[in-house]
Amino acid sequence: MKLTGSPVAVEARFDVDGTITPLALSWRGQMLRVGDVGRSWTAADGQLRYWLVMVPTLGTLELCLDTTSLLWRVTRAWEPPARA
């Protein structure tokens, strides 16, 4: 696992019920499709919202949205296991 804090541009769907679903992100010069969205949670202060997402070419990323500034970051990255 790597801790990054890297800012990213995220394409997301915002539903009328308040649900936010990340669909794709631009990170390290690449546009990456989100293959699956896992669990999501909100920090106790309500300002930061987090999602675990699976990117087929990279592995699992933790995305964070600061709801005050509307800035997205990759806060953690788990690389897929190496193939033998």
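Each value in this text was obtained by applying a stated rule to the coordinates, not by laboratory testing. All values derive from a computational prediction rather than experimental measurement.
Structure summary
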read-out	value
Rg(Cα) / (2.2 N^0.38 Å) computed for the chain, rounded to two decimals	1.07
Among TRP72, TRP51, TRP27, residue whose mean-square fluctuation peaks in a GNM of the chain (springs only between Cα atoms under 10 Å)	TRP27
For segment 12-27, Karplus couplings with θ = phi - 60° (6.51, -1.76, 1.60), whole Hz, Gly/Pro x	9, 9, 10, 8, 4, 7, x, 6, 10, 10, x, 10, 7, 8, 9, 9
Karplus-derived 3J(HN,Hα), 6.51/-1.76/1.60, for each residue of segment 34-42, Hz, glycine and proline x	7, x, 7, 10, x, 6, 9, 7, 10
³J(HN,Hα), Karplus 6.51/-1.76/1.60, whole Hz, each residue of segment 54-61, x for Gly, Pro	9, 10, x, 8, 10, x, 9, 10
